[in-house]
1. Please find, among 135, 156, the residue that is part of a loop (DSSP other than H, G, I, E, B), under 29 Å from residue 54 (Cβ atoms) and either in contact with a helix residue (DSSP H, G or I) (Cβ under 7 Å, 6 or more places away or on another chain) or not assigned by TED's automatic domain parsing to the domain that holds residue 114 (or both).
2. Could you pull out the residue among 294, 327 that is at pLDDT 85 or above, in contact with a strand residue (DSSP E or B) (Cβ under 7 Å, 6 or more places away or on another chain) and in the same structural domain as residue 359 (by TED's automatic domain parsing)?
3. When you scan the stretch 344-358, how many residues do you find that are surrounded by fewer than 21 Cβ atoms within 10 Å (Cβ to Cβ) and either in a strand (DSSP E or B) or out of contact with any strand residue (DSSP E or B) (no Cβ under 8 Å at 6 or more places or on another chain) (or both)?
4. Taking the stated definitions as given, is residue 212 touching a strand residue (DSSP E or B) at 6+ places or on another chain (Cβ under 6 Å), farther than 24 Å from residue 312 by Cβ and assigned by TED's automatic domain parsing to the domain that holds residue 301?
5. Looking at the stretch 50-100, which of the residues that are part of a loop (DSSP other than H, G, I, E, B), surrounded by fewer than 20 Cβ atoms within 10 Å (Cβ to Cβ) and modelled with pLDDT under 90 is nearest to the chain's Cα centre (by Cα)?
6. When you scan the stretch 306-314, do you find a residue that is modelled with pLDDT of 95 or more, surrounded by 14 or more Cβ atoms within 10 Å (Cβ to Cβ) and either in contact with a helix residue (DSSP H, G or I) (Cβ under 7 Å, 6 or more places away or on another chain) or over 26 Å from residue 245 (Cα atoms) (or both), even just one?
7. Could you please let me know if residue 221 is farther than 26 Å from residue 312 by Cα and part of a loop (DSSP other than H, G, I, E, B)?
8. Quick test for you: out of 150, 191, pick the one residue that is assigned to a strand (DSSP E or B), farther than 27 Å from residue 324 by Cα, outside the structural domain of residue 74 (by TED's automatic domain parsing) and touching a residue at least 40 places away in the same chain (Cβ under 8 Å).
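The values are calculated or read from the model by the stated rules, or taken from the named source; none is laboratory data. In this text, all values refer to a predicted model and were calculated from it rather than measured experimentally. Quick reminder, even Gly has a Cβ in these numbers, built from the backbone with ideal geometry, and neighbours come from all protein chains shown.
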């Protein structure tokens with residue numbers, strides 16, 4: 001991972017009216033591909049709303065339907081809402097106010113258009129775009145494409161949509177059975193915990209969260225790790241989510257094993273009724289999925305995995321201790337939002353709310369959020385020179401990156 005921040009965006013209480021129509025291939029096409037924007041393995045597609053308004057949505061297997069988080073777009077669509085309801089969200093025991101619109105039209109590439117209700121969030125505690133560094137208006141569930149097989153190629157940043165009767169599994173791929181529950185895919189996977197204990201776990205596949213693996217400790221017999229880095233593990237719709245990071249020995253998906261995998265653990269991710277989350281033990285996120293070419297086949301309840309170019313790449317975690325967020329509409333002004341106590345940057349004197357001016361001689365405004373996080377996560381022992389603005393004063397800090405877990 002390139003950032004302490006994990007974008008965790010799984011929903012659990014979704015209005016049934018949120019799912020009416022589906023995208024389809026045109027009658028004369030067996031397959032079609034579209035490009036996507038990749039933000040730390042978050043798949044962002046552009047759709048056109050009501051034939052006039054281009055908007056960007058995260059493609060998310062962890063939700064049903066379409067959810068809009070952008071405040072301007074919510075205010076534009078809100079007068080049409082049919083009714084309001086409450087939505088529960090990870091990281092917070094409170095519920096969020098939401099409403100559902102009448103059918104709206106959405107176009108994606110040359111697919112047949114979709115007509116669907118849309119869920120509008122009344123408040124954006126998520127601050128989605130601040131933490132991925134790009135304009136994003138909301139999320140769209142992979143269930144909206146379930147009439148087709150959806151193949152995500154993280155190496156080429158492309159999505160292929162294929163008719164089920166025209167799909168052929170790639171050479172050297174593996175088929176894994178899925179259970180589709182309320183539009184969300186679940187699978188059994190084996191995990192070797194840091195205690196060397198091996199468990200078979202029931203996990204939801206969540207392409208809209210960029211962690212590799214998350215374990216919900218209140219559903220795993222209150223598993224206690226040998227060592228853990230306690231911190232904020234990410235943000236959900238309800239705000240910050242507290243927990244810890246560990247290194248599990250491995251994650252086995254079918255016959256494919258990912259070693260020394262960074263694992264988030266939390267008892268607060270979605271506390272309460274385990275039945276509401278289908279008695280799951282956690283989630284597999286895009287940090288793991290991006291090591292493969294992934295095909296979601298909802299028609300036949302299966303996942304097809306082929307090892308990608310990044311399959312053998314080591315899992316790394318932020319080595320500076322800094323969480324960075326964007327604080328400008330142009331996504332080129334950055335500040336330190338959080339810092340891990342005892343981390344290299346913390347020991348050097350960096351503080352929350354410091355504005356980033358430069359890193360290793362490169363002006364911060366010339367870099368993307370992903371590039372900044374990459375520089376702070378790439379090589380243990382690497383030297384960092386950080387210039388910040390603190391209350392109008394320019395300060396320089398020097399430290400070396402080190403593995404925190």
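1. 135
2. One residue alone meets the criteria, 327.
3. 3
4. No; evaluated as a whole, the condition is false for this residue.
5. So, considering only residues that are part of a loop (DSSP other than H, G, I, E, B), surrounded by fewer than 20 Cβ atoms within 10 Å (Cβ to Cβ) and modelled with pLDDT under 90, the one nearest to the chain's Cα centre (by Cα) is 92.
6. yes
7. yes
8. 191
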